[in-house]
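Heads up: the structure comes next, in structure tokens.
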Amino acid sequence: MQDRLNTTDLYTRMFLRGPFGAGKTTLAIARLRALLEAGVPGESILVLAPRPALLKPYQAELRKPDLPQGDQVETLTIGEVARRSIELGWPAIAEAAGFAQPDQPPIFLSLEAAQYHIARVVEPLIVERLYFEDVYLPRNRIYTQLLDNLNKAASVGFPYSEIGQRLTTAWAGKQSRARTFTQVQDCANRFRQYCLDNNLLDFSLQLQLLAVHLLPQPWFRNDLFNQWPHLIVDNVEEDIPVTHDLLRVWLPESKSAVVCYDTDAGYRTLFGADPDSAWDLHNVCDQTVKLVTSHVISIHVRALEYAMEHALSASHVPRRRTQGAARLALELGGGRFHPHMLDWVTRRVAHAVQSEDIPLNEMVILAPRLPDALRFALVDRLARLGIPTRSLRPSRPPIAEPAARGLLTLAALAHPAWNLTPARPDIAHALSIAIDDLDPTRAHLLAERVYHTVDGAPALRSFEQLKPDLQERIGRESGARFERLHEWLDAYRAAPPAPLDEFLNRLFEEVLSQPGYGFYIDAALAETAAHLDRGRVAAQLIESARVFRQAVAPDAVDAAAALAIGKPYIELIDAGALTSAYVETPGEPQAVLVAPAYTFLLGNTPATIQFWLNVGSPTWWERLYQPLTHAYVLSRRWSPERKWTDAEEQRVRHETLLRLVRGLLRRCRSKVVLAYSNLNEQGFEERGPLLTAVQHVLQEA
């Protein structure tokens, strides 16, 4: 197969289809290298993927010193293509698109900035007109679901003015919900007009400008297609229909292309992914190449995949004689109560480390959802055995991260003019995060004595002002570290203030990342993974604050104007807003990954052993509660006149669970260890469909 992509076959458009681990990305990278080695200019090649993380294998290849012109190859997502295209074509389309100030440049909104602006539009409607009073959601989730509706409309390609009608028509429940969908549409209309009036471009408006105003223009297509005549598109099944529409026009005009399609995937359906639309692209390629053999999973895991597929959809999939082999790749255990299950998993992970010699970064612990309590209980048990862990939860709001909460509390202390007065427990938490080895008990004691307010503004006293016996109880070493932090904050307050992102960066570099503080990284320490996690959170918060400032106050020319935006940013994050900033931790540590199942799936990396938690829970196949939006109804494959019935819900649940199980198994090299408890955290018995299927496989073995 490698020869099919060598220099004798470069100028073809090839559609590669196959399961995860079949070598699609490897072959696409080989095509990239062959193009460059054949003298194709790097700037004429575009690598496109749905998410930045999926571009990392290509970026790693392009960094190799033996690759000519590798640094000139662009690796982008559709959002980045849209932004670049709009920046170039803005003068030609701004007036026709309805912007109030077409002679002024556009302002591109990050996710944080979009939530900030939609809150300004919707908050008065919630307070004054009681919008969404029958929906029990925090404000931040209302805003994100409203934005998601606009994103779905732009991604699929229908007018945003149809959102409310589509949701209403599909709704089969109480008719009172129709009023809520009318409110959803009103909010969409108001926010879109607000963006047009202020030259603001959220993600949905960027996609709309690309699809509706730019792509139909011959001059735009010529410029775009001539700029990148060589295309490499990976994980196309996880991308949105608008991307597929663009590629459907672009591929026939390209000089060469490789399109990678992962069969039986489509894990980002909730985010607009459309595998059916992606599959249609094989019709505009010169040839379709089917890859069958996975280079990841063992024969036992493959047998387990067949057995689970039969158990989850017995009426559709023929049974194979693989149950005996499947049993070798499957292990089930746990206990009566939820803590017993966690204890069992902890012992099993320790056994894999000590007796099976499995590298830490070859083990993953997965759950359908990963709330704080579950993560803490598991990580704490493993830490007691000296087993480091790292977590990935990209949909988790920053305020839920202890490191982020601590940093924002210190920011409030440093900027008394903001009139943000943290509670004393928040100060204690910030000190325990900032100062290494300062446990929560001593941190609370320290906060009780040093934190006070002066004319309503937060302030700290010196450690030296405390009584000697109190200094001894807290610890003089911890006290000295606090004193350095205190002096740094005092010095900052006495000087001209900086924008929030610059303040956080300085605080991190000058104090918190130094020895003795909570963000210091020492490769020789067992807690390196935890400190790296804090560093990652800090980097993401700094980047998020920077992007927010540039989007919300792009014309801030002095320090005071840039500084002022810090307060609304903290208030936004404190209300639970999500962020789009992601900063990769350089050199992932040797640690066990703890993550939600879908987060691991979308990372496209295999593991030797997978641990699945709470296999009796029905959340393995349940959709998130999203009363203001609907990923399936607002899709290209849904007929607007249809009703979303219980039968539809059950069908989607079965398909989702089967796809999830298949995807996880295809990313497993050796064994899946399943953990259950007879009673869940609330003391109720659970027998979800995943556990039922597992028991069926075991009985057949």
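The values are calculated or read from the model by the stated rules, or taken from the named source; none is laboratory data. Fair warning: this is a prediction, and the values are worked out from it, not measured in the lab. We place every Cβ from the backbone using ideal geometry, glycine too, and count neighbours over all the protein chains shown. To get the accessible areas, we keep the full protein, side chains included, count just its heavy atoms, and leave off ligands, DNA and RNA. Shrake-Rupley method; radii C 1.70, N 1.55, O 1.52, S 1.80 Å.
Considering only alpha-carbon pairs that sit under 8 angstrom and 6 or more positions apart, the relative contact order computed for the chain is 21 percent.
For GluC sites (Glu not before Pro), the sites in the stretch 629-674 that DSSP calls loop and that have at most 16 other Cβ atoms within 10 Å are Glu641. In summary, the stretch 102-188 shows an alpha-carbon radius of gyration equal to 1.16 times the 2.2 N^0.38 Å reference for compact globular proteins.
Of the listed residues Thr180, Thr293, Thr608, the order by accessible area with a 1.4 Å probe, largest first, is Thr293, Thr608, Thr180. Under 1.5 on a/c is rounded, so check that first for the stretch 389-478, then, if it is not, pick prolate when a/b is larger than b/c and oblate when it is not; a ≥ b ≥ c are the square roots of the alpha carbon gyration tensor eigenvalues. Oblate, because a/c is 1.5 or more while a/b does not exceed b/c.
Suppose a student asked you for the relative contact order of the stretch 607-688, using Cα pairs under 8 Å spaced at least 6 residues apart; what percent would you report?
62 percent
Oblate is the label for the stretch 68-134, because a/c, from the alpha-carbon gyration tensor with a ≥ b ≥ c as root eigenvalues, is 1.5 or above and a/b does not exceed b/c. Given Thr692, Pro138, Phe15, which one lies farthest toward the positive end of the charge dipole of the chain, if we put +1 on the Cβ of every Lys and Arg and -1 on the Cβ of every Asp and Glu? Positive-most Cα among the choices belongs to Thr692.
Scaling against 2.2 N^0.38 Å puts the C-alpha radius of gyration of the stretch 271-385 at 1.47. Legend: residues Arg666, Arg63, sorted from most to least accessible area (1.4 Å probe; ligands, DNA and RNA excluded), read Arg63, Arg666. Taking the square roots of five times each eigenvalue of the Cα gyration tensor of the stretch 1-160, the equivalent ellipsoid has semi-axes of 42, 21, 14 Å, listed largest first.
Between Arg120 and Glu641, the modelled label-to-label distance comes to 4.3 nm, taking each label 7 Å out from Cα in the direction of the beta carbon. For Asp71, the accessible surface of its heavy atoms amounts to roughly 140 Å² (probe 1.4 Å, protein chains only, rounded to the nearest 10). A protection proxy built from the mean count of other Cβ atoms within 10 Å ranks the segments 566-573, 395-402, most packed first, as 566-573, 395-402. Largest first and in whole Å, the equivalent-ellipsoid semi-axes of the stretch 409-538 read 22, 20, 12, each the square root of five times a Cα gyration tensor eigenvalue.
Within the assembled protein chains, the solvent-accessible surface assigned to Arg179 is about 120 Å², based on a 1.4 Å probe.
Based on the Cβ-Cβ distance of His452 and Asp134, what FRET efficiency does E = 1/(1 + (r/R0)^6) give at R0 = 41 Å, to the nearest 0.05? With a Förster radius of 41 Å, E is 0.40. Ordered by solvent-accessible area of protein heavy atoms (1.4 Å probe), largest first, the residues Tyr632, Tyr625 come out as Tyr625, Tyr632. Note on Glu37: accessible area is roughly 110 Å² with a 1.4 Å probe, heavy atoms of protein only. Could you tell me what percent of the accessible area of the chain is made up of carbon and sulfur, with a 1.4 Å probe and every protein chain present? Ligands and nucleic acids excluded, carbon and sulfur give 51 percent. Normalised per residue, the accessible area of the chain is 43 Å², obtained with a 1.4 Å probe and no contribution from ligands, DNA or RNA. With all pairs of separate Cα atoms included, the stretch 209-265 yields a Kirkwood hydrodynamic radius of 12.1 Å. Seen from Ile163, the other residues with C-beta closer than 13 Å to its C-beta sum to a net charge of +1, counting Lys and Arg as +1 and Asp and Glu as -1. The translational diffusion coefficient of the stretch 352-408, from Stokes-Einstein at 25 °C and 0.890 mPa s with a Kirkwood hydrodynamic radius over alpha carbon pairs, comes to 187 µm²/s. With the helix formula -39500 (n - 2.57) applied to DSSP H stretches of n ≥ 4, the chain reaches a computed 222 nm mean residue ellipticity of -15000 deg cm²/dmol. Other residues with beta-carbon under 12 Å from the beta-carbon of Gln183 carry, at +1 per Lys or Arg and -1 per Asp or Glu, a net charge of +1.
Seen through its C-alpha gyration tensor, with square-root eigenvalues sorted a ≥ b ≥ c, the stretch 229-314 comes out prolate because a/c lies at 1.5 or above while a/b is bigger than b/c. Could you tell me which of His295, Val345, Tyr194 has its Cα farthest along the dipole of the stretch 192-348 towards the positive end, charges placed at Cβ (Lys, Arg +1; Asp, Glu -1), taken about the Cα centre? Farthest towards the positive end: Val345.
Going through the cross-link list Lys24/Lys64; Lys64/Lys255; Lys152/Lys567; Lys24/Lys56; Lys152/Lys643, which pairs have a Cα-Cα distance over 23 Å in this structure?
The pairs that break the limit, which is 23 Å between Cα atoms, are Lys64/Lys255; Lys152/Lys567.
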